[in-house]
Structures are given as structure tokens and as C-alpha cells.
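Engineer: My questions all concern the structure below.
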Amino acid sequence: MRENLRRRWRTGAAVAAALALTGACQFELRPPPGQARPAAQRTAAPAPRGAQAAFDETGFQEDLGTAASTTDEFWRRHWTELFTGAYSSPRVVGLYDGRDPRRAPRCGKERLTRDNAAYCPSGDYVAWDAHLMRSGYARGDAWVYLVIAHEWGHAVQARLQRGLVSPAAELQADCLAGAVLYGSAGDGTLRFEPGDEQELVDAFQVIGDKAPWTKPGDHGSAVQRLRSFSRGGESGVRACFR
């Protein structure tokens with residue numbers, strides 16, 4: 001979390017959603033190889049032996065807000081150093097209930113579905129399914145930062161000349177997410193804690209595709225996605241456009 005909001009950040013990676021018709025992608029929240037699904041990391045009180053830890057709804061909501069505001073602040077702070085024109089923030093729709101199609105946000109003629117995280121180009125908004133976010137958060141508070149930084153990357157792509165957007169748009173969004181999260185740490189608005197970078201690796205094991213990137217719309221394998229994220233984290237935004 002942001003130090004100037006009297007909180008500490010405890011994250012380190014990004015997850016994906018396709019920049020296609022709705023800018024959305026459905027996720028399968030599978031455990032990393034050899035691991036069971038973990039309980040929530042944060043607890044309101046010690047759980048009884050053998051019981052699953054309680055979900056920290058307050059912390060979850062705070063992390064959602066902090067991840068969005070910190071990501072937006074990074075782009076506001078650095079946009080003119082990197083690109084021409086003025087930066088404008090996407091609208092944050094935030095959580096939605098994908099279990100009820102009638103209540104899910106529309107993107108063009110379609111509604112977002114369950115276990116999606118999305119940037120919607122036609123509505124210029126970012127949104128994420130509540131089940132997806134809470135399930136991922138149960139693995140660690142890194143999850144919300146991963147999702148939000150990546151989706152914001154798609155919003156940034158939509159603000160650029162098309163020639164700057166890579167055919168491998170998902171890998172580029174991973175790269176931009178790495179640049180934002182590590183860049184914000186460099187700015188002093190976020191701080192890594194012990195274990196964050198292992199969460200990064202574990203996250204890509206969970207959400208990387210089985211097949212490598214070969215055509216636009218593909219997300220890429222876990223190795224490709226981690227490599228792209230690391231390139232942005234190590235070398236900054238400009239490295240995502242080489």
C-alpha cells in the first residue's frame with residue numbers, strides 16, 4: 001500500500017485481460033504445481049486449528065482502492081516524460097457480480113462475464129469480477145495489484161498511437177504493469193516486503209497460458225509473461241516499446 005496513505009504495499013506481479021472486443025479474459029484460478037489452494041493471508045483473528053482463515057473484507061476493499069489510486073498516480077506523474085498529449089484516467093467501475101449477467105457492466109453489445117477482469121475500450125473503464133478478485137486475494141494481497149496494474153496497461157495502450165501497441169498486446173500490458181509497480185516503488189509510493197517477488201512468480205504459474213504467444217490476443221506462457229513483467233520492472237516503461 002502507499003506509504004503516504006500510511007499503509008505498506010505487499011505485492012509484486014500482474015495478471016491479464018485481453019484487449020479484444022471487451023478487453024476481457026476469463027481466468028481459471030488453479031494452484032501452482034504441487035500446491036493446494038491457500039487460505040486468505042490476512043485474518044481478523046487466529047483461526048481454529050484446521051479451519052480456513054477468515055477473509056479480510058476491510059483489507060480487501062482498501063487494497064482495491066490503493067491499487068487503483070497508486071497506478072493512476074504513476075501514469076499521471078510520468079506521462080509527459082514518456083508520451084505526447086495529456087493523460088486521462090479510465091473510469092473505475094471496479095467490482096461487479098458476474099454471477100448475474102443482468103447486473104454485469106456492458107462493453108459494447110456484450111456484458112462482462114464471471115471471472116473476468118477487463119478494460120472496456122468503448123466505455124473507457126476498468127472492471128473486475130468480485131469472485132475473481134476475492135478468490136485471487138485469498139492467495140495473497142498481491143492479486144488485486146496484479147489485476148489492476150495490467151488492466152490499466154490496456155487503458156494506456158488505448159491512449160497511444162496504434163503503432164506503439166505491440167501485436168503481443170497482453171505481454172506488453174504485463175510489461176507496463178511491471179514498470180508501474182516497480183516504478184511506484186522507486187517513487188516511494190509503494191514498498192515491496194519479503195515474499196512479494198515469490199508471489200510474483202507464483203502468480204504467473206497460476207495464470208500463464210499453457211501455450212506460448214503466437215498471435216494477437218494470446219496471453220503467452222507463464223515464462224513469457226514473467227519475462228515481460230520483469231523487463232518492465234527492471235527497465236521501465238520505455239522497455240515495453242522496444
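Engineer: Could you tell me whether the stretch 87-100 includes any residue that is crowded, with 22+ Cβ neighbours inside 10 Å and among the hydrophobic types (A, V, I, L, M, F, W, C)?
Structural biologist: no
Engineer: Return yes or no: is Ala179 crowded, with 22+ Cβ neighbours inside 10 Å, touching a Gly at 6+ places or on another chain (Cβ under 9 Å) and more than 20 Å from Ser166 (Cα to Cα)?
Structural biologist: Answer is no for this residue.
Engineer: Could we say that Gly188 is touching a helix residue (DSSP H, G or I) at 6+ places or on another chain (Cβ under 7 Å) and exposed (fewer than 14 other Cβ atoms within 10 Å of the Cβ) here?
Structural biologist: Taking the combined requirement at face value, the residue satisfies it.
Engineer: Could you check, for the stretch 67-85, whether at least one of its residues is closer than 27 Å to Arg162 by Cβ, assigned to a loop (DSSP other than H, G, I, E, B) and at pLDDT below 95?
Structural biologist: Taking every residue of the stretch 67-85 in turn, at least one turns out to be closer than 27 Å to Arg162 by Cβ, assigned to a loop (DSSP other than H, G, I, E, B) and at pLDDT below 95.
Engineer: Here is a follow-up. Among the candidates Ala168, Ala158, Ala239, which residue alone is in contact with a Lys or Arg (Cβ under 7 Å, 6 or more places away or on another chain) and surrounded by fewer than 24 Cβ atoms within 10 Å (Cβ to Cβ)?
Structural biologist: The match here is Ala239.
Engineer: Starting from residues that are part of a loop (DSSP other than H, G, I, E, B) and among the small types (Gly, Ala, Ser), keep the ones in the stretch 105-131 and report whichever is surrounded by the fewest Cβ atoms within 10 Å (Cβ to Cβ).
Structural biologist: Per the criteria, the residue is Gly108.
Engineer: Sort through Val126, Val147, Val93, Val156 and tell me the only one that's under 20 Å from Thr58 (Cβ atoms), among the β-branched types (Val, Ile, Thr) and under 19 Å from the mean Cα position of the chain (by Cα).
Structural biologist: None of the other options fit; the residue is Val147.
Results for (1) among the hydrophobic types (A, V, I, L, M, F, W, C); (2) touching a residue at least 24 places away in the same chain (Cβ under 8 Å), shown as yes or no for each residue.
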site	(1), (2)
Gln61	no, no
Thr70	no, yes
Ala86	yes, no
Val93	yes, yes
Gly108	no, yes
Tyr119	no, yes
His131	no, yes
Arg139	no, yes
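Engineer: I would also like to ask the following. Can Glu197 be described as surrounded by fewer than 24 Cβ atoms within 10 Å (Cβ to Cβ) and in a helix (DSSP H, G or I)?
Structural biologist: yes
The values are calculated or read from the model by the stated rules, or taken from the named source; none is laboratory data. Remember, predicted model here, so these are calculated numbers, not experimental data. For neighbour counting, all protein chains shown are included, and Cβ atoms are generated from backbone atoms with ideal geometry for every residue, glycine included.
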